[in-house]
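Enquirer: Pasting in a structure now, in structure tokens, and then I'll have a few things to ask.
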């Protein structure tokens, strides 16, 4: 029988893992953070990123970020062909500096959030979100 | 106020006490050939709260044989730690005598011979007797079901879980959490849960569309027992839409969500909970990590990975209790709760030796009532086995070797794949294989056996992906199953490598040639999580194969070379 892409998906394997970029082609997480901070060091404190450890659906992954006191938060998907996801900016009237959205991930990769604080300092956090074939739970 | 140091001493004292008076005795009693129900149930009631834990019953209402794993490897921090110790090393760690009932119940060695001596295990009518005995000691004990209850048998499939609902309701549980239940489909799950006479809990069961908690599955329930306020928080299997077909329950989202677990613990403490119990279907290593990240949990009743441990594992001030699977064990945990906190515990993992424990007559009749409409189909003998058929083990088991052989023969395939699930009882050499036995290791709502072509590269990708679900060093990235079982192909696995580098030397067994990444191979398998999978049901494929063979025998499988253990 012939084997179409549609059937591949129906066999027990989302082809997502196959489509994952080889690691060497991905910009490193630290390079991506440096690209936003302009090379300035970023604190690991003061920013929280909520994302699933393993995506239920790589096409729509819920993520949330919170950084009290931030004027802007940039979110990146390090392994996507275009890593930029969103930049949230917060005016002085913002009640809280947090945001949530859903993003599409091409494969297992780091999701990164970088907050720019009012004093010009940065805080950054990243979390690996795995995109998997699955299908063998006990 | 008790300090952490004092707490540990209290805990260890309780463990040692139980170790001396309860568990250690079985070996001696067995040597004297007088294992009795009283010995199994003997327990000096302790403290002021009693928890009874059953989990991962997989619809096994009747006594069965169940061989524990020979290979159950841990990686990273879990390497060489419980529950990743098996066989003689496991017996030595707990002071279990060779040839004793505990040897038979908890380890794999000499399984067929010891099964002849000690007989079958489990049976919900025996479980009922144990629960009733504990309730006689402590009438307000909490009975908590860790899930994987409404799945795994012929009758469960044909009644869409109703047989198990009826029998479990007769045991009168106080709360339950979930995993395979959702493979009944969300509509059926909702229908059952709406009428459940006990709490259906899951702090991590969310509405998928809005990513917010559901009304049907509250996060916790508060109980008051003997003047003590007990919070039970539910934690369903985190990776249901990934490990099982998400299209069957698209309205729900899960995940570990340990930040919310912390919020729930804080919330119930604020409401006056003196002891916090998590009824979990995380799997043991995930529970260990969660206990290290979430503070304020006293007891985790752990399910999913089917481990049976005769003592709880302590992580900081949280005890983690593992109660086995398939109805083979009941855990009793007595807690001393004073001044708003847990001061100590006493625990016993009670093996359900079916020939030793008297069945509860009422529940036995109820079980037979569920089976009566199907009894002819259930008991039809399809063939016989010359070999011990078992499933558990990280890489292969003889049941899956037989299933893979059936797939290759009946579906004319080069390679067969069988999912690395951990449920399914064992068959002894010389035993008849009935239709019920085949369903006990294959029954599911997505059991169609596909036949397709895959490139060598794609087969490799599948193996790497599943291996990472098992051997990722971070337990939060593990899904709790075993490795996909492969028929017709061998491979080498280095469990300590990262994803993409673990699997090598893929070899087609019938030619002895290496798998060519670019070439297509005919692959037969079952339990695809994808919608629209076509093919005959796996239980029909296996039944046809066994019927043709008459008597089956499975040669030892040496086709997976494991390194890094």
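Enquirer: Dividing the convex hull volume of the alpha carbon atoms of segment B:337-453 by its residue count, what do you get in Å³ per residue?
Expert: 228
Enquirer: Moving on to the next point. What order do you get for B:35, B:349 when you list them from fewest to most C-beta neighbours inside 10 Å?
Expert: B:35, B:349
Enquirer: Right, something else. Restricting to segment B:380-563, compute how many DSSP beta bridges are antiparallel as a %, nearest 5.
Expert: Counting only bridges with both partners in segment B:380-563, antiparallel ones make up about 70 percent.
Enquirer: When all alpha-carbon pairs of segment B:112-236 are counted, what percent fall beyond 19 Å?
Expert: 56
Enquirer: Given N residues in segment B:380-563, what is Rg(Cα) / (2.2 N^0.38 Å)?
Expert: My calculation over the Cα atoms of segment B:380-563 gives 1.00.
Enquirer: Using the reciprocal of the averaged 1/r over all distinct C-alpha pairs, how large is the Kirkwood radius of segment A:36-138 in Å?
Expert: In segment A:36-138 this quantity evaluates to 14.2 Å.
Enquirer: In peptide B:236-245, how many Cβ atoms from other protein chains are near each Cβ within 10 Å, on average?
Expert: If you average over the peptide's residues, the count of other-chain Cβ atoms is 5.
Enquirer: On alpha-carbon atoms, Rg over Rh for chain B using Kirkwood Rh?
Expert: Reported Rg/Rh (Cα atoms, Kirkwood Rh): 0.95.
Enquirer: While we're on this one: Looking only at the protein assembly as shown, where both bridge partners belong to it, what percent of the DSSP beta bridges are antiparallel (to the nearest 5)?
Expert: 70
Enquirer: Now, a different point. Under 1.5 on a/c is rounded, so check that first for segment B:42-111, then, if it is not, pick prolate when a/b is larger than b/c and oblate when it is not; a ≥ b ≥ c are the square roots of the alpha carbon gyration tensor eigenvalues.
Expert: Rounded is the answer for segment B:42-111, as its axis ratio a/c remains below 1.5.
Enquirer: Right, here's the next one. Translational diffusion coefficient, Stokes-Einstein: compute it for the protein assembly as shown using the Kirkwood radius over C-alpha pairs as Rh, at 25 °C and 0.890 mPa s, and state it as an integer in µm² s⁻¹.
Expert: Here the translational diffusion coefficient equals 94 µm²/s.
Enquirer: Sort out for me the Cα centre separation of segment B:281-301 from segment B:158-217, rounded to whole Å.
Expert: Rounded to whole Å, the Cα centres lie 22 Å apart.
Enquirer: Using only DSSP helix segments of four residues or longer, with each worth -39500 (n - 2.57), what per-residue ellipticity at 222 nm results for the protein assembly as shown after dividing by its residue count and rounding to 500?
Expert: Mean residue ellipticity at 222 nm (helix-derived): -8000 deg cm²/dmol.
Enquirer: I'd like to compare B:135-141, A:104-110, B:477-483: which one has the highest average count of other Cβ atoms within 10 Å, and what's the full order after that?
Expert: B:477-483, A:104-110, B:135-141
Enquirer: Something else about it: Dividing the Cα convex hull volume of segment B:116-185 by residue count, how many Å³ per residue is that?
Expert: Hull volume normalised by residue count: 106 Å³.
Enquirer: When the Cα centres of segment B:428-468 and segment A:60-138 are compared, how far apart do they sit, in Å?
Expert: 38
Enquirer: Roughly how crowded by other chains is peptide A:52-60, in terms of the mean Cβ count from those chains within 10 Å of each of its Cβ atoms?
Expert: So the per-residue partner count for this stretch is 6.
Enquirer: Using Cβ contacts closer than 10 Å as the measure, can you line up B:281, B:179 from fewest to most?
Expert: B:179, B:281
Enquirer: Evaluate the distance, in nm, between pseudo-label points positioned 7 Å from the Cα of residue B:191 and of residue B:224 along their respective Cα→Cβ axes.
Expert: About 3.8 nm separates the two model spin labels.
Enquirer: Next question. What span do the alpha-carbon atoms of segment B:198-297 cover on each of the three principal axes, reported in whole Å from largest to smallest?
Expert: Between the extreme Cα coordinates on each principal axis of segment B:198-297 lie 44, 28, 21 Å.
Enquirer: Give me a single rounded figure for B:472-480: the average over its residues of other chain Cβ atoms within 10 Å of their Cβ.
Expert: 4
Enquirer: Nearest 5 percent is fine: what portion of the DSSP beta bridges confined to chain B is antiparallel?
Expert: Rounded to the nearest five, the antiparallel share is 65 percent.
Values quoted throughout were computed directly from the atomic coordinates according to the rules given, and no laboratory measurement underlies them. Nothing here was measured: the structure is a model prediction, and the numbers come from that model. Positions of Cβ are generated from backbone atoms using ideal geometry, with glycine treated the same way; all protein chains shown enter the neighbour counts.
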